Amino acid sequence: MSVGASDAEPRRIDAEPRRIDAVVFDFGGVFTPSPFEAAHVYAAEQGADPAVLIEIVFGALRHRLRPPLASPRAP
């Protein structure tokens, strides 16, 4: 018998797997404070450029926009 082994039968769970009905992401600060504001505060504390920190953490804005707002020529 190995360490931690037990003679007990494994438990059987008869419940159906839980189905996810919805997922809510709150990046706009409606339910929680905006993570972008926190990034600006952190960048200021570290002496960093907030725009650079936000791009590193959240990615470039042009990748989050849908056409026609996104442009491959955008900086």
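Observations on the model:
- Candidate set: the range 12-31, residues that are at pLDDT below 75 and of a type outside the set (Gly, Ala, Ser); chosen: the one nearest to residue 56 (Cα to Cα): 27
- Qualifying positions in the range 19-28 - surrounded by 10 or more Cβ atoms within 10 Å (Cβ to Cβ) and either acidic (Asp, Glu) or more than 14 Å from the chain's Cα centre (by Cα) (or both): 26
- Residue list for the range 10-40, filter: under 22 Å from residue 51 (Cβ atoms) and of a type in the set (Asp, Glu): 37
- Qualifying residue in the range 32-46 (condition: out of contact with any His (no Cβ under 9 Å at 6 or more places or on another chain), in a loop (DSSP other than H, G, I, E, B), modelled with pLDDT of 70 or more and of a type in the set (A, V, I, L, M, F, W, C)): no
The values are calculated or read from the model by the stated rules, or taken from the named source; none is laboratory data. Note that the structure is predicted; figures quoted are calculated from it, not measured. A quick note on method: Cβ atoms are made from the backbone with ideal geometry, for glycine too, and the neighbour counts reach across all protein chains shown.
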